[in-house]
Structure formats: structure tokens, C-alpha cells
Amino acid sequence: MKTVFNAAASLDGFIADEDNSLEWLFQLGDPEDTEFNRFFEQVGAIAMGATTYQWIYDHQVSTSDDPSEAWPYKMPVWVFSNRKLPRIENRDIRFVSGSVEPVHDAMCREAGGNIRWIVGGGDLAVQFYDAGLLDEIIITVASVTLGGGVPFFPRRTDMPLKLLSVKQYGRAFAELRYEIQYVNPSTAVKNQ
Ligand SMILES: NC(=O)c1ccc[n+]([C@@H]2O[C@H](COP(=O)([O-])OP(=O)(O)OC[C@H]3O[C@@H](n4cnc5c(N)ncnc54)[C@H](OP(=O)(O)O)[C@@H]3O)[C@@H](O)[C@H]2O)c1
């Protein structure tokens with residue numbers, strides 16, 4: 001199975017606006033009405049950065065009467081951070097820092113035959129790519145421009161991408177799927 005960076009972005013390539021808000025995305029409809037639900041059913045392990053975790057915590061968890069239930073993931077989640085983040089009881093959330101390789105090994109063990117989902121942000125996804133551990137990118141492009149914010153990728157990588165599919169969902173979303181074709185076979189998929 002694969003390790004996939006799957007995220008939604010504005011037409012001009014931002015995954016969050018300057019306030020780290022996703023309101024611009026949700027006002028267009030539910031991006032989960034796309035292929036995302038089918039993708040999510042196959043996910044067995046998740047990795048995300050501290051900012052993404054904190055956003056979910058602030059907007060979905062801390063505002064709920066039942067924080068454990070409000071946490072959206074039943075599968076194990078690795079959160080990369082160098083600071084102390086708020087914990088959520090009775091949920092399999094593992095706080096880690098440093099190299100992505102040992103985390104990826106653990107994700108492969110836990111996910112079994114299921115997908116390892118890199119939620120984001122883009123810098124974390126690039127760390128998996130740099131380690132030769134990212135297999136696919138799925139970007140759901142939303143029909144909105146933001147002019148600034150958090151970019152899909154924070155720097156140039158020259159990733160060798162092969163476009164696998166393009167699908168339209170309603171009037172607001174276009175999903176593009178890419179396979180990463182590592183040039184050097186020694187850094188190709190190590191994660192079957
Ligand atoms: N549109 C979408 O589909 C989508 C998807 C995902 C996220 N988002 C949004 O996009 C924004 C993401 O922001 P972002 O890309 O700046 O943040 P991010 O990846 O969520 O978090 C960045 C932070 O993660 C920690 N980190 C990353 N790699 C690490 C490593 N190897 N070791 C230790 N810590 C590491 C660092 O935290 P420390 O500060 O602890 O050092 C770093 O500052 C958020 O607002 C999020 O809600 C949108």
C-alpha cells in the first residue's frame with residue numbers, strides 16, 4: 001500500500017489562508033463529497049504537523065463536550081512537533097519529532113495493507129518525499145483564489161510526477177492524482 005499526501009488547495013496553491021483558516025474551503029461545499037470518503041476508508045495510519053493538529057484541536061476538539069469523540073480519527077496518528085501540545089484522552093495519538101523514517105516504519109507496521117495518509121502541511125509531505133517515502137499526491141483544487149497563505153509546498157522540489165487522473169466534483173472541486181516516479185531506484189518506494 002501507499003503513502004499519500006492528500007490535501008485540498010485553492011486555485012492559486014494555498015492549503016490554508018493567512019489565519020490558518022479553512023473557511024474558504026468549507027464555504028464551497030464539503031470537500032469530503034469528493035473521492036475523499038473512499039480514500040479515507042482505506043487509511044490505516046496518519047501523520048500530520050503540529051499546526052494542523054493544533055487547528056483540529058482548537059476548532060473541533062476543545063470546543064466539544066466530548067473531546068475524545070470529536071477527534072476525527074480512529075486509526076493511529078503521528079503528530080510531528082518540537083513542543084508540548086494538548087493531549088486527547090483515549091485516542092491513539094503519538095507525538096514525535098525529527099526524522100520521518102522511523103515514523104514511516106511504524107506507520108507501515110500499523111497500517112498493514114492500508115494507506116498511510118500524510119495530512120500535511122506541505123513541508124512534512126516534502127520531508128517524506130526527500131526520504132523517498134512518498135508515493136502519491138492527491139490535490140483537490142477548490143474554485144477559489146486566496147492571494148496568500150500556507151503554500152501547498154513550501155519550496156521547489158522538482159518532484160518527478162506522473163499525472164494519474166483528473167476528476168471533477170460538482171462546480172467547486174477538481175481532484176488531481178499524481179504518482180511520484182523517483183529517478184534513483186534506490187530511493188524508490190521502500191514501503192510495500
Ligand atoms: N487544505 C488542506 O487539505 C489542509 C491539509 C493539512 C493542513 N491544512 C492547514 O494548513 C496549515 C498547515 O500549516 P503548516 O504547513 O505550516 O504546518 P504543519 O505541517 O501542520 O505544522 C508545522 C509544524 O510541524 C512541526 N514539524 C514538522 N516537521 C517536524 C519534524 N520533522 N520534527 C518535529 N516537528 C516537526 C513543527 O512544529 P513545532 O512548532 O512544534 O516545531 C512545524 O512548525 C494548517 O493551518 C492546517 O490546518 C490544510
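A few remarks follow.
- Dipole magnitude of region 42-192 about its Cα centre (Cβ charges: Lys, Arg +1; Asp, Glu -1), debye to nearest 20: 220 debye
- Relative contact order (%) - the chain, alpha-carbon pairs under 8 angstrom, separation at least six: 34 percent
- Counting lysine pairs in the chain that sit 8 or more residues apart in sequence, or on different chains, and whose Cα atoms lie under 23 Å apart gives 6.
- Counted over the chain, the DSSP beta bridges are approximately 45% antiparallel.
- Estimated D of the chain in µm² per second, where Rh is the Kirkwood radius over Cα pairs and Stokes-Einstein applies at 25 °C, 0.890 mPa s: 143 µm²/s
- Dipole-positive endmost among Ala142, Gln168, Phe152 within the chain (Cβ charges, Cα centre): Phe152
- Residue-count net charge about Trp55 - beta-carbon cut-off 13 Å; Lys, Arg +1, Asp, Glu -1: -4
- Of Leu124, Leu25, Leu85, the one that fluctuates the most in a GNM where the chain has Cα springs shorter than 10 Å: Leu85
- Coupling constants for region 97-113 follow from the phi torsions by the Karplus curve (6.51 cos²θ - 1.76 cosθ + 1.60, θ = phi - 60°), and in residue order they are 8, x, 4, 7, 4, x, 5, 4, 4, 5, 4, 4, 4, 6, 6, x, x Hz; glycine and proline get x.
- Computed with a 1.4 Å probe over protein heavy atoms only, the accessible surface of the chain comes to 51 Å² per residue.
- Carbon/sulfur fraction of accessible area - region 90-169, other protein chains in place, 1.4 Å, %: 47 percent
- Between Ala16 and Val150, the built amide H atoms are under 5 Å apart, and every one of these is 5 or more places off in sequence or on another chain.
- In the chain, the calculated helix contribution to ellipticity at 222 nm averages -5500 deg cm²/dmol per residue, counting -39,500 (n - 2.57) for every DSSP H run with n ≥ 4.
The values are calculated or read from the model by the stated rules, or taken from the named source; none is laboratory data. As the structure is a prediction and not an experimental result, all values here were calculated from the model. As a convention, Cβ positions derive from the backbone with ideal geometry for all residues, glycine included, and neighbour counts pool all protein chains shown. In case anyone asks, the SASA skips ligands and DNA or RNA and just uses the protein heavy atoms, side chains included. Shrake-Rupley method; radii C 1.70, N 1.55, O 1.52, S 1.80 Å.
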